[in-house]
Amino acid sequence: MSKSQVKPPLPYSARDVVLPGDAACHGCPIPIALKVLSAVFGEKVILVVPACCTSVIVGTYPGQSLRASIIHVPFASAAAVASGVAQALKMRGVSDVQVIAWAGDGGTADIGMAALSGAAERNEDLIYIMYDNEAYMNTGIQRSSSTPLGAWTTTTPITGKSEHKKDVAKILVAHSVPYVATASVGYPHDLYSKLQRARSIKGFRFIQIHAPCPPGWRFDPKYTARIAKLAVETGFWILYEYHNGKITLSGPSRPLLDPSKRRPIEEYLKLQGRYRSIAPELINSIKEYIEDNWSWVKRYLL
Amino acid sequence: MVRVVKPEENYKLPLTKPVVGVAGKTGLWRTMRPVVDNEKCTRCYQCEIYCPVNVIRVEPELGVTIDYEYCKGCGICEDVCPRSAIVMVPEPGE
Amino acid sequence: MPRVIALTGNHAVAYAVKLAKPDVIAAYPITPQSPIVEKLSEMIESGELKSSMIRVESEHSALAACFGAAVAGARVFTATSSQGLLYMHEVVHWASRARIPMVMALVSRTINTPWNIWPDHSDFVDQRDAGWIMAYAMDNQEAFDLTLQAFKISEDPSVYLPVMIGIEGFILSHTAMPVEILDEKQVEEWLGERKQPYIVDGSEPLGLGGLTPPEDTEDMFYGIQVAMEKSKDTIRRVDREYGKLFGREYGGLVSCYNCSDAKYFAVAMGSWSGDLIEATSKLRDEGYSLGVVRVRFYRPFPHEDLWGTLRGAKGVFVFDRAISFGAWGPIYTDLVAGLLQYTSKLPPVVNVVAGIAGVHVGAEDFYEVLKSLIGQVESGLEHGYFKWVRVRR
């Protein structure tokens, strides 16, 4: 195939919304996810953003780094404000704009959980995206309920976190909402197709995007995509879609149903400074956690 | 029905508009610079897709171009390139 | 056609909201507010009212949903009480600082702990510094009228601030009184379409509330203070307009009773002003020169109106149904500061805090207290003081 025939795997619209020169750290996964989002929706989105890294990334008044609409909202309120926006647009007959709650793991798994559960139960017509960098990165790497076992944070500074990661996608599956998906910045095309799927469905849709954070996870910024992929390849982060009561494993995770196809978890852990002092028994516990997650997923497989 | 009418007083409202370089010329943050060998490039678009600053463009004829005014030099493009067509080199010191 | 029906304070508010035709209502149940949204839910389910009702999982989410809907161009309404308002508090600030018009009814109830569902003004005055226009009704008709006027004031380009209307729980909320319900067409014509300073609805890329440097933020907050000042004329104008169209005018930010020739003045807010007026009538019959100033709007604070009425007074007695622990009643503090804008020589201004946590204070209590206070001034009291009067029976 000649070079002139090559087509980009994401539409060119991915170029238009995320403007260069934002305030994100080196190697930040969040603008990568935003680019994929824009490949699907262009500028016809209203992002409802609670306190999180994105609040800072999009920059300072009077500018913003996104050619899209943004409403900055109280920490606990993303799902509630998004519900209001969606209802207002419906009442006003605006149908060409997608309302998206765009929140971090703290704003979702912790302080925003009640509002999220409420909006999910009411089946509000919106998409909720949790970008999961596994700690309160914006305030300086404090532990969240989404921080995994053994990870160093500034509030688990010596022993690392002593509990496993809260599984928010599983909680949303328990709400029986129309669509739940897990995704990763390591797999933009997979995320793209999930956003397309979400776009075609009415009601409450939830996507959790695994998003490795270089300063928070203590790795070289160049490895953001590599570490995101390793989380999937080791089976630690399972890519799937939940729809109509069933789970479908996504391409990159499908072969990993067979544990022998998974790469050793140590490959994932050793690239990250946050696991530098992890005790061997905690690594075993992480391995059991991975097995438990796969057992859960299997129960819902088509 | 709803209509936008400006407030009577003329103080600022907390509203923002899209702008390139909202955090300044982020190219100044760079300590390492991605250098492209377009002969090696296969136009796979990996670097463009993963670039968090959205400064890489892959064009079938031209290959890879990078807007160094805003490239922060994170090095993701180097890491995702399957052909090692992008290499990070130190920026000249002061 | 206008018609008069017996309505509780809660239902008076609900009927006013129905006439304002909000696009979105979001609320969470709390005693004694719940009948407002129950009534509105009934109106929506029966098809009388074409609003979207978001039955949220908390008060924080109720106001957050209203905020989102209002920003996206919807006329919105919510109602709450006490702990609910405290739970909302973060979003109360968020909405006013975004300069987004909206209306909330507050059915007052004191603040826990201990559990107590009876009314005082502590929940209302707790929101003092939040940038909302804050008004308090004396009876159910005024609750109806103020709720409608709140939409008009909030959406006026000279204001663009949210408006909170207070009524006391049970005393008004659960007590039926005759209320005149206005004609739908007439209200629609008067209220007009919703106006707001901006809309975030995706029609153009626009951000609201992003990170802002100190000087720009201060400019935004200064704008709120200017809007508060401007709102005073808007409130007076809306009151006059409403009076001409619908026959009830209240005097703007304050209502005065027997003030023109009075030497002594009692100042109060809310439903107990009725008992106060009753007590002063009796005292006037006995020869006391006494008027009542009822604070209708607490924010913006009506210091011009108060000075206009109270200048030359021999004594001023401020009745507060809330206490700022460690200081005084909140109206007293503002009133004294307000009068000091005009004079350095104040008459004795006495603060009586009473009726806390729902303790009943009747006309006979006001009668005794006022008689004693006037007696003290007449026998040479030179300055004000604070007293928490604990009525027991």
Any residue on another chain or 5+ positions along whose placed amide H is under 5 Å from the amide H of residue C:329 is listed here as C:324
Taking the dipole of chain A about the Cα centre (Lys, Arg +1; Asp, Glu -1; charges at Cβ), the one of A:189, A:73, A:84 that reaches farthest to the positive side is A:189
Summing +1 per Lys or Arg and -1 per Asp or Glu among the other residues with Cβ less than 15 Å from residue B:11's Cβ gives -2
The relative contact order of the stretch B:26-90, taking Cα pairs under 8 Å that sit 6 or more residues apart, comes to a percentage of 49
A 1.4 Å probe over the protein heavy atoms gives the protein assembly as shown a carbon and sulfur accessible-area percentage of 53
Cys in chain C lacking any partner Cβ under 4.7 Å -> C:66
Per residue, the convex hull enclosing the Cα atoms of the stretch B:26-90 spans a volume in Å³ of 67
Partner lysines whose C-alpha sits under 18 Å from that of residue B:72, ignoring same-chain residues fewer than 8 away, are A:35, A:222, B:25
Kirkwood radius from Cα pairs of the stretch A:112-225 plugged into Stokes-Einstein at 20 °C, 1.002 mPa s, gives D in µm²/s equal to 142
If every Lys and Arg gets +1 and every Asp and Glu gets -1 at its Cβ, then about the Cα centre the protein assembly as shown yields a dipole, in debye to the nearest 20, of 1700
Using the Kirkwood formula on alpha carbons, the hydrodynamic radius of the stretch A:150-302 in angstrom works out to 16.2
The stretch A:204-220 scanned against label point 7 Å out from residue B:31 along Cα→C-beta; backbone N under 18 Å for A:214-220
Across the stretch C:254-388, qualifying lysine pairs (alpha carbons under 18 Å, at least 8 places apart or different chains) come out at 8
For chain C, percent of DSSP beta bridges that are antiparallel (nearest 5) comes out at 25
Long-range amide H partners of residue B:71, meaning residues 5 or more apart or on another chain whose placed amide H is closer than 5 Å, are B:27
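Which pairs in the list A:202/A:229; A:202/C:195; C:18/C:152; A:165/A:202; A:270/B:40 are over 23 Å apart, alpha-carbon to alpha-carbon?
Details: A:202/A:229 30 Å; A:202/C:195 31 Å; C:18/C:152 14 Å; A:165/A:202 29 Å; A:270/B:40 31 Å.
Violating the 23 Å limit, Cα to Cα: A:202/A:229; A:202/C:195; A:165/A:202; A:270/B:40.
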Against the 2.2 N^0.38 Å rule of thumb, the C-alpha Rg of chain A sits at a ratio of 0.96
Once normalised by the length of chain A, the mean sequence separation of its alpha carbon contacts under 8 Å that are 6 or more apart gives a contact order in percent of 15
Rounded to whole Å², per residue accessible area for the protein assembly as shown with a 1.4 Å probe reads 37
Protection proxy (average C-beta count within 10 Å per residue), highest first, orders C:380-388, A:47-55, A:20-28 as A:47-55, A:20-28, C:380-388
Relative contact order in percent for the stretch C:3-246 (Cα pairs under 8 Å, 6+ apart) equals 25
Per the helix-only model, chain C has a calculated mean residue ellipticity at 222 nm (DSSP H runs of ≥4, -39500 (n - 2.57) each, divided over all residues, rounded to the nearest 500) of -13000 deg cm²/dmol
Taking every residue of C:188-198, the Cβ atoms of other protein chains inside 10 Å of its Cβ average out to 3
In degrees, nearest 10, the alpha-carbon axis of helix A:224-233 is tilted away from the dominant principal axis of the alpha carbons of chain A by 70
On complex formation of A with C, accessible surface lost, both sides summed, probe 1.4 Å, nearest 100 Å², amounts to 2700
Binned at 5 Å starting from 0, the alpha-carbon pair-distance distribution of the stretch C:254-388 in whole percents comes out as 2, 11, 23, 26, 23, 12, 3, 0
If one compares the long axis through the Cα atoms of helix C:272-285 with the longest principal axis of the Cα atoms of chain C, the angle in degrees, nearest 10, works out at 30
For residue C:204, the accessible surface traced by a 1.4 Å probe with all protein chains present amounts, in square angstrom to the nearest 10, to 90
Cross-link reach from residue C:185 to aspartates and glutamates, straight Cα distance under 17 Å and at least 8 residues apart if same chain, gives C:48, C:145, C:193, C:241
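How many square angstrom of accessible surface are buried between B and A, both sides summed, with a 1.4 Å probe and rounding to 100?
Details: alone 7650 and 13450 Å², together 17580 Å².
Looking at B and A, the buried total is near 3500 Å².
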The size of the Cβ-based charge dipole (Lys, Arg +1; Asp, Glu -1) of the stretch A:10-299 about the Cα centre, to the nearest 20 debye, is 440
Averaged over residues of C:149-160, the number of beta carbons from other chains lying within 10 Å of each residue's Cβ is 2
Tilt, helix A:78-92 to longest principal axis of chain A (alpha-carbon atoms), in degrees rounded to tens, equals 20
Mean other chain Cβ within 10 Å across A:38-47 is 2
In whole Å, largest first, the alpha carbons of chain C cover along the principal axes 69, 51, 46
Once the in-chain neighbours fewer than 8 apart are removed, the lysines whose Cα is under 18 Å from residue A:298 read A:170, A:246, A:261, A:287
Between the residues C:295, C:63, A:160, the Cα farthest towards the positive end of the dipole of the protein assembly as shown, that dipole coming from +1 and -1 charges on the beta-carbon of Lys, Arg, Asp and Glu, is from A:160
In whole percent, the Cα-Cα distances of the protein assembly as shown spread across 20 Å bins from 0 upward as 16, 41, 28, 13, 2, 0
Projecting the Cα atoms of C:22, C:136, C:158 onto the charge dipole of chain C, where Lys and Arg contribute +1 and Asp and Glu -1 at Cβ, the residue farthest towards the positive end is C:136
If every Lys and Arg gets +1 and every Asp and Glu gets -1 at its Cβ, then about the Cα centre the stretch C:3-246 yields a dipole, in debye to the nearest 20, of 360
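The values are calculated or read from the model by the stated rules, or taken from the named source; none is laboratory data. Just so it is clear, the structure is predicted and the values come from calculations on it, not from any experiment. For neighbour counting, all protein chains shown are included, and Cβ atoms are generated from backbone atoms with ideal geometry for every residue, glycine included. Heads up: the accessible areas ignore ligands, DNA and RNA and are worked out on the full protein's heavy atoms, side chains in. Shrake-Rupley method; radii C 1.70, N 1.55, O 1.52, S 1.80 Å.
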